[in-house]
């Protein structure tokens, strides 16, 4: 793994090695990585075969001012802003590493825990988080403006990605097999995050928006979730152009207002939308959420699509409406 910046050739090479080390600390499959410190231009490489500056991601991060391999690491705290952890899928030295750096969390709570702003984690294979409150990658409340991209995240007990911060970009990740929680979970004050192009399957809840407002979720494929494909328990979110298939419940709306659910495919779910209103929802028989232009495999093909729900604890039926359902699924 390498950390990337621009210095003299020999310094760049050495820093590149430190970056490779960072990648190796957390992987369990041969791969190469680099750590880039945007503020200083340093490149540190991490390589588990000794072809870098360090052989562990933690060591590399501790030595940063701001490949391939198998790394058995967890509790990797990223506390310096502007750091880029870049997985490299080819060998940097004389070893035989191939593929994304594989970080094995060895069944502990958290693999990567980010506290700093503007951190990027890209092109890793991360598995085996098994703590009761853990995740493969967690963004703390202070970790705003981060990017999580092109990672393969699998085999967790809790959440693959857990976010408590804002203005992050999470895109093009492959996420699967989380037994108790989410593929991607947003909690409390997470706002203005952009979630796109992720492939999420075989988890409990695919994407969870929990008291997290004004996020954009677009172009994701969410399937085979044992509870909810996408759960919206927040306000003002934009859910557009997603493929939501083969889940127990495609979308779960709970006490949610002013969300836009547009141009999604909802098909082959046990229930396409599970709609639970809080008691104040009794006042509004038609909610303030906007459903429009979605494909529903249970639509009768004439008129608008009614989306029925119940008021929590009382059981009185209420409803919402997709005024313009489409006849054919979108190519997502």
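Each peptide in 292-304, 259-271, 242-254 gets a packing score, the mean of other Cβ atoms within 10 Å over its residues, and the list from highest to lowest is 242-254, 259-271, 292-304.
For residue 167 and residue 258, what does the FRET efficiency come to when R0 = 25 Å and r is the distance between their Cβ atoms, rounded to the nearest 0.05? FRET efficiency, residue 167 to residue 258: 0.80.
Within segment 213-332, the percentage of alpha carbon pairs spaced more than 21 angstrom apart rounds to 31%. Which FRET efficiency, nearest 0.05, do residue 192 and residue 319 yield, Cβ-Cβ r, R0 45 Å? The formula returns an efficiency of 0.90 here.
Full extension of the chain between residue 141 and residue 75 gives 22.1 nm of extra length, using 0.36 nm per residue less the Cα-Cα distance.
Exposure proxy ranking for 169, 328, based on other Cβ atoms within 10 angstrom of each Cβ and starting from the fewest, stands as 328, 169.
Listed from fewest to most Cβ neighbours within 10 Å, the set 165, 159, 288, 149 follows the order 288, 149, 165, 159.
Throughout, read-outs are computed from the coordinates displayed, never taken from laboratory work. From a predicted model like this one, the values you see are computed outputs, not experimental measurements. Cβ coordinates were reconstructed from backbone atoms using ideal geometry, including for glycine residues, and neighbour counts include every protein chain displayed.
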